[in-house]
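Here is the structure we will look at, set down as structure tokens.
The values are calculated or read from the model by the stated rules, or taken from the named source; none is laboratory data. What you are looking at is a predicted structure, and each value in this text was computed from that prediction instead of being measured. No Cβ is skipped: glycine too gets one built from the backbone with ideal geometry, and neighbour counts run over all protein chains shown. Note: areas computed on protein heavy atoms with side chains; ligands, DNA, RNA excluded. Shrake-Rupley method; radii C 1.70, N 1.55, O 1.52, S 1.80 Å.
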Amino acid sequence: MSSGPTSNRSLDDADIEFDEETLRRIRERVLSAEKEKLNLDTPHGINNEIEETIREEVE
Amino acid sequence: MELHELELQNFRQFQDDTIEFAHGGENGVTVVHGANGSGKTTLLNAFTWLFYESVDFDTRPNRLITEGVVADADTGEQFTVSVRLEFAHEGSEYVAQREAIYEKRSNTDFDGELLDMNLTVEENAGSGWEGRGNPANTLDQIIPERLSNLFFFDGEDIEELAGLDNQDRIQESIQNIMGLTILERATRHLDAVAGRFEDEVEENASDELSALIDEKREMEEAVDSLERDKSDTKRSKERIEGEIGDIEQKLERLDESAALQERRGEYEAERERLEEQVEEINNALRADLNDKGFVPLAMPLIQDTAEDLDQMRKDGVIPSDLNNSYIESLLSAEQCICGRPLEPGTEHYEQIEALMGEAIADGVEQNAIRIIGHLNQVGELDSQFHESVEDLISRRKNLHDEIADQNERIDEITSELQEMEQTTESGESIQDLEAQRKSKKEEVSEHENELGRIQERIEQTEEEIESIKQEIDDQRDEREEALVAKRRQRAAELVQEELEVAFEDLKGKVRRLSNQKIEETFGSIASKDLSAEVTEEFKLKISQNVGGNQIEVDKSTGERQIASLAFVGSLVDIARDRYESESDSEYFTGGIYPLVMDSPFGALDKSHRRMVSRVIPTLANQVVVFATDSQWEGPVAEEMMPKVGKQYWLDFDSGEAEGAYPRTRIEAEPATAGGD
């Protein structure tokens with residue numbers, strides 16, 4: 001699991017960095033969740049799944 | 001997906017029948033011959049009932065169970081309606097079965113009452129059969145219901161698919177099958193999730209930061225609302241433009257106005273071309289002003305500097321003769337230019353002595369000349385800039401004159417048409433049509449102005465949002481919760497941005513690919529002056545070349561129907577290509593799909609039937625066609641027979657005899673002379 005630079009108190013987007021691997025994992029997990037629900041007109045619960053994914057990947 | 005066998009029990013007029021589908025190899029076409037009313041559409045419905053529990057019958061839509069079976073039974077007796085399909089998909093074998101249990105409730109009950117419904121899907125991936133936990137979902141993932149009417153295709157729907165008003169389905173189908181839907185949804189959902197994390201930041205942040213976030217959100221909502229207005233206005237404008245197109249087509253069909261309308265169309269096309277050229281010139285002017293616009297402003301200063309510098313060089317203020325003799329004179333005077341003494345043997349003396357040589361004199365002289373040269377070059381740039389701007393302005397003026405000429409010609413035609421009293425078959429006079437056209441043109445113009453205003457407000461608000469974002473970025477916060485939430489928000493935004501780029505990229509590729517495929521397929525079927533195109537909005541556009549102009553063809557013409565078939569076939573083909581290609585994509589994997597088509601040739605004339613039947617089997621690995629004898633005989637049979645692997649005939653008994661009921665048997669040989 002990855003985290004940002006904890007000592008930095010800045011809220012500036014430019015100061016928040018992630019390694020490629022974390023972003024790749026989030027992207028893959030999001031796309032996989034979307035694919036699972038692609039057949040549904042309204043993919044219920046998808047936002048919760050994505051939110052949980054990001055909570056797990058960014059601590 | 002590859003269909004293997006369909007088994008029907010008590011399903012409408014099919015009591016106990018089976019079809020084995022041709023699959024694999026060169027002969028992947030299965031033909032089911034049947035007269036009208038013999039059950040072809042029922043077979044198509046068997047697929048949709050099994051997959052999605054959905055049927056669409058013209059007669060007795062609520063009766064699923066075979067009529068005779070219920071009629072002959074006793075009250076209270078129960079029956080099973082069943083559709084079972086064996087198929088293969090992505091390396092697994094599947095058996096899907098839907099069963100419905102009915103009970104006869106009274107002597108006069110011929111439909112039965114549904115007691116229970118059950119769907120099972122078993123999969124064998126090579127290590128034995130296993131039931132799937134969520135069978136409906138499994139089937140929907142193999143062929144999504146939203147795409148079902150492309151793969152289980154009803155010829156009667158072709159009008160609907162071809163209709164200009166039904167473009168959303170085409171758009172959705174392309175986007176879905178090509179993996180665009182996944183990306184579009186993912187970016188939308190990531191945006192919502194980023195918003196949730198922003199809420200968390202706000203909850204945990206300082207008052208000042210919280211106020212800024214609030215302000216930013218209000219502005220973002222304002223932009224969303226403006227975007228909605230923009231899209232509504234655009235849609236409304238397109239609708240009115242469509243209505244203008246309809247009026248113009250009416251004018252083209254009337255003998256009295258046809259020639260005038262055609263000429264006006266040509267003049268308008270020419271005017272549009274001229275206006276595009278004016279826009280190109282405006283862009284060139286803007287680019288010139290950006291790149292070289294500073295030159296005229298700076299020119300007086302540059303000229304003065306060049307002249308002063310040259311004068312200084314001539315006056316010797318710049319030491320143009322800083323040479324060996326000058327240095328020697330300093331050394332012999334034993335005094336440096338800075339006033340310090342130069343005693344032989346000292347370090348300072350040696351430094352000055354070491355300067356003797358040609359380099360210094362040359363360097364100072366050359367540099368001064370080079371600077372003056374550069375400054376003079378700027379002068380040339382100034383002349384070039386003036387020449388280029390004058391040339392562009394003169395060309396623009398000529399184009400404006402030409403546009404004014406075209407406007408005059410268009411106005412003359414409009415006046416002529418406004419005076420014509422002849423009427424169309426529906427009783428509208430040319431005068432009326434012209435008046436309607438004029439008023440709609442004005443509406444379009446108002447919409448264009450409105451769009452400009454909205455766009456300006458959007459850009460202005462977006463600039464303000466950027467400035468607030470900068471203020472938010474400049475904030476610092478000590479609370480860990482706010483910092484973590486902000487990092488999560490940022491992660492969601494970064495992935496969202498990345499997927500947005502991927503979406504745009506894939507969208508361009510998909511459009512090129514589908515255009516190429518549809519053009520190829522349609523081009524091999526339709527007349528030479530017709531062309532099919534998938535527009536930037538993923539709409540299917542069929543144009544005809546009339547005197548060098550591309551004019552969109554009328555609704556409900558044979559050409560649009562062919563285009564729709566070409567479109568369906570092309571999608572299946574692209575999905576297959578994608579599936580078989582080795583390229584690795586996370587969201588666009590394609591797939592193998594069969595085409596099950598009920599009376600696809602019914603609405604087409606003979607020559608088009610031949611061409612469509614030549615193309616369709618090349619687009620899909622497996623094709624199942626339901627056709628009447630008259631649809632099949634002749635060109636369709638000639639083209640498709642070499643690809644046919646299996647044939648069946650629907651032997652229909654209308655059940656008119658005493659105690660008999662309608663029943664269809666699926667036979668492997670033609671029983672009696674078929675017909676319509």
remark   = Partner shielding of B:184-192, as the mean number of partner chain Cβ atoms within 10 Å, equals 5
remark   = At R0 = 56 Å the Cβ-Cβ FRET efficiency linking residue B:579 and residue B:315, nearest 0.05, sits at 0.10
message = Under a crude label model (7 Å from the Cα following the beta-carbon direction), how far is residue B:214 from residue B:255 in nanometres?
response = 7.5
query = Of A:35/B:237; B:528/B:646; B:230/B:509; B:234/B:469; A:35/B:509, which ones are farther than 32 Å apart at the Cα?
reply = A:35/B:237; B:528/B:646
query = Modelled label-to-label distance, residue B:354 and residue B:541, 7 Å Cα→beta-carbon offset: nm?
reply = 7.5
remark   = What helix-only [θ] at 222 nm does chain B give? Using -39500 (n - 2.57) per DSSP H run of at least 4, over all residues, to the nearest 500, the answer is -20000 deg cm²/dmol
Size of electric dipole in chain B: Cβ of Lys, Arg +1 and of Asp, Glu -1, about Cα centre, debye, nearest 20 = 2100
Ordering of B:591-598, B:282-289, B:631-638 by burial proxy (mean other Cβ atoms within 10 Å per residue, highest first) = B:591-598, B:631-638, B:282-289
message = What are the ³J(HN,Hα) couplings of segment B:11-24, residue after residue, when phi is run through the Karplus curve with 6.51, -1.76, 1.60 and θ = phi - 60°? Round to Hz, x for glycine and proline.
response = 9, 6, 7, 9, 8, 7, 9, 9, 10, 9, 8, 5, 7, x
ask   = Each label point is 7 Å from the Cα along the Cα-to-Cβ direction; what then is the distance between the points at residue B:629 and residue B:524, in nm?
value = 3.2
inquiry  = Please compute, for peptide A:45-58, the average count of beta-carbon atoms on other protein chains lying within 10 Å of each residue's beta-carbon.
reply    = 5
inquiry  = Projecting each Cα onto the charge dipole of chain B (Lys/Arg +1, Asp/Glu -1 at the beta carbon, about the Cα centre), which of B:352, B:561, B:642 comes out farthest on the positive side?
reply    = B:642
ask   = How big is the accessible area of residue B:410 in square angstrom, nearest 10, if you roll a 1.4 angstrom probe over the protein chains?
value = 10
query = Can you give the extra length, in nm with one decimal, that the chain gains between residue B:428 and residue B:395 once fully stretched, where that is 0.36 nm per residue apart less the Cα-Cα distance?
reply = 7.5 nm
Peptide-level mean, for A:20-28, of C-beta atoms on other protein chains within 10 Å = 3
key: FRET efficiency for residue B:416 and residue B:99, using Cβ-Cβ distance with R0 set to 60 Å, rounded to 0.05   = 0.25
